[in-house]
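Reading through the structure tokens given below for one structure.
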Amino acid sequence: MTNVFQTSVCRQCFNTCDLTSDDSGNCFGGMNGNHGSESAFLDDAAFFSYPTEMEKSYWYNSASAIFSTSVNLGIPIGAGVSESDDISFVESNDNKIFWGGNYLQTEHGKDSSVTNTETMVYWGLHDQDLTWWNSDLIHLQNSYSTRKNGGNPVLT
């Protein structure tokens, strides 16, 4: 547990961004600046919820409520998706990649109706498996970005 006198320990590393100039959604949670107020933070971040169909039998009732009704922030994958196969991949409940949206949106993070072709997608942190936690997200982010910049599908 972290308190005010201890720094937290990053369990998964990913590409960093310049909060003063990056406007690409590549910062954690899609945030692109330092915020002086809660409303500025809520306006800038890309939130998502887990669809109830993704609930697992081992989740406690409290976890189910948190995942499906709360707003979460995630790690950007490094590219938006626009290819139909990529969109289908994100829409699938078989992975924990989500679109972000505004704080009060009613659509969950698998709903492509709240996106456009440049909308960043994010890895959800809740309920990721050990393989994901051991993966090299920096390498994956760079690979996804390179694919997108080359006009290729990002995730598939």
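The values are calculated or read from the model by the stated rules, or taken from the named source; none is laboratory data. Remember, predicted model here, so these are calculated numbers, not experimental data. No Cβ is skipped: glycine too gets one built from the backbone with ideal geometry, and neighbour counts run over all protein chains shown.
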All helices (runs of 4 or more DSSP H) inside segment 30-103 with 1 or more residues being modelled with pLDDT of 90 or more and under 20 Å from GLN141 (Cβ atoms)
84-91
Search segment 68-85 for residues that are hydroxyl-bearing (Ser, Thr, Tyr) and pair each with any residue that is modelled with pLDDT under 85 and not in a loop (DSSP other than H, G, I, E, B) when their beta-carbon atoms are under 6 Å apart and the residues are at least 6 apart or on different chains.
SER68/THR52
Looking at (1) surrounded by 20 or more Cβ atoms within 10 Å (Cβ to Cβ); (2) within 22 Å of GLU55 (Cα to Cα); (3) out of contact with any Asp or Glu (no Cβ under 9 Å at 6 or more places or on another chain); (4) of a type outside the set (A, V, I, L, M, F, W, C), can you tell me which one PRO76 breaks?
(2)
Inside segment 112-124, can you point out the residues that are surrounded by 13 or more Cβ atoms within 10 Å (Cβ to Cβ) and modelled with pLDDT under 80?
SER112, VAL114, THR115, THR119
Residues (over 16 Å from GLU83 (Cα atoms), among the hydrophobic types (A, V, I, L, M, F, W, C) and not in a loop (DSSP other than H, G, I, E, B)) located in segment 115-156
TRP123, LEU130, TRP132, TRP133, LEU137, ILE138, LEU140
Test GLY151 against the criterion of being out of contact with any helix residue (DSSP H, G or I) (no Cβ under 9 Å at 6 or more places or on another chain) and on the phi > 0 side of the Ramachandran plot, and give yes or no.
yes
